1. Which one is farthest from ligand 2 (Cβ to nearest atom) among residues in the stretch 69-90 that are open to solvent by 50 Å² or more (accessible area, probe 1.4 Å) and of a type in the set (Ser, Thr, Tyr)?
2. Testing Asn126 on (1) open to solvent by less than 30 Å² (accessible area, probe 1.4 Å); (2) over 30 Å from Leu191 (Cα atoms), one condition comes back false. Which one is that?
3. May I ask you to list the residues in the stretch 161-173 that are closer than 15 Å to Leu206 by Cα and in contact with a Gly (Cβ under 9 Å, 6 or more places away or on another chain)?
4. Tell me the helices (runs of 4 or more DSSP H) entirely within the stretch 165-278 that contain at least 2 residues that are at pLDDT 95 or above, buried (at least 17 other Cβ atoms within 10 Å of the Cβ) and within 15 Å of ligand 2 (Cβ to nearest atom).
5. Quick one: what pairs do we get from the stretch 35-46, first residue under 12 Å from Leu98 (Cα atoms), second of a type in the set (Val, Ile, Thr) and more than 13 Å from ligand 1 (Cβ to nearest atom), C-beta under 6 Å, 6+ apart or different chains?
6. Exactly one of (1) touching a residue at least 40 places away in the same chain (Cβ under 8 Å); (2) of a type in the set (Gly, Ala, Ser); (3) open to solvent by 20 Å² or more (accessible area, probe 1.4 Å) is unmet by Ser139. Its number?
7. If I ask for residues that are out of contact with any strand residue (DSSP E or B) (no Cβ under 6 Å at 6 or more places or on another chain) and closer than 19 Å to Leu246 by Cβ, which ones from the stretch 79-101 would you list?
Amino acid sequence: MTPGVLGPAGAPPIAPGAGVVTVAGIGFGRGCPVRVIAGPCSVESLEQFRETAQAAKAGGAALLRGGAFKPRTSPYSFQGLGRAGLEIMRSVGDELGLGIVTEAMSPDEVSLVAEMADVVQIGARNMDNRALLESAAASGRPVLLKRGLTATVDELLRAADVMIAAGNERILLCERGSRTFEPSTRNSLDLAAVPEISQRSDLPVLVDPSHATGRADLVTPVSLAAIAAGADGLLVEVHPDPARALSDGAQSLRADAFGAFMDRARAMAAAAGRTMGP
Ligand code: PEP
Ligand code: MN
């Protein structure tokens, strides 16, 4: 893959046929099964993360997610467990044999996150933070790059280009909804961005139905639509007891409902001529 994933709208993807990003032995992208990355918004304790991770593994998740450094809007909200959260994720990931995805919010957090996790996540609020993009790229880890709250598809692809130009092509893009005038959901999911990005780049595209909607009751239907639209994977928040979650409980699937969610996703993938992996 060469820098310049952008290309004009509708142009064929660069290096067609490539576009598989392998993370902890699991391929994402063209020709790969639909992958699900599941876990709590924030790591709150060893018990909370382990219970969620066990449900994620039993349901067929490919990787675990969790936040240790949290980009909260209010300074008075839970900010995450930091290094202790990373240690919890690493130990549970190793115990269950699953890779870990977690966010770094600033360049000085990247080396610790890259040492402890399998994928460095760059959050929506940091999509165009060039120093962070370059530092994440230089870490050598794959990077999960979320679309900014008000970023265009072009801007998302340009942010990916910054990392490709810095020498890291192992990028997973993630559509997580944009901020719009619509108050019934936390954000508005741009489902058309999924096939649009796939036409203009060979990077895998994930959909985050949790942050896109802010509502657990919408996570399943939106996930099914994302699979039908060709998403290479889903990033889903799951919690053992969403009512008591320290962040984003309203949009988190219950851990004991994750298996049923995956059954619905598998049925949709089959209807779309696709498969779901672990
Ligand atoms: C997250 O995935 O933990 C997160 C904070 O999402 P976003 O950056 O999309 O708001
Ligand atoms: Mn969250």
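1. Here the answer is Tyr76.
2. In the conditions (1) open to solvent by less than 30 Å² (accessible area, probe 1.4 Å); (2) over 30 Å from Leu191 (Cα atoms), Asn126 misses (2) alone.
3. Arg170, Leu172
4. In the stretch 165-278, the matching helices (runs of 4 or more DSSP H) lie at 209-213, 216-228.
5. Going by the 6 Å Cβ cut-off, the qualifying pairs are Gly39/Thr52.
6. The single condition Ser139 does not satisfy is (1).
7. Gln79, Leu81, Gly82, Arg83, Ala84, Gly85, Leu86, Glu87, Ile88, Val92
Residues are listed down the side, and each one gets a yes or a no for (1) within 18 Å of the chain's Cα centre (by Cα); (2) within 15 Å of ligand 1 (Cβ to nearest atom):
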site: Glu175; (1), (2): yes, yes
site: Pro204; (1), (2): yes, no
site: Ala226; (1), (2): yes, yes
site: Gln251; (1), (2): yes, yes
site: Ala260; (1), (2): no, no
site: Pro278; (1), (2): yes, no
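The values are calculated or read from the model by the stated rules, or taken from the named source; none is laboratory data. Predicted model only: the values in this text are computed from it and were never measured. Please note: Cβ atoms are built from the backbone with ideal geometry, for glycine as well, and neighbour counts cover all protein chains shown. Accessible surface is based on the protein model in full, side chains and every heavy atom, while ligands, DNA and RNA are left aside. Shrake-Rupley method; radii C 1.70, N 1.55, O 1.52, S 1.80 Å.
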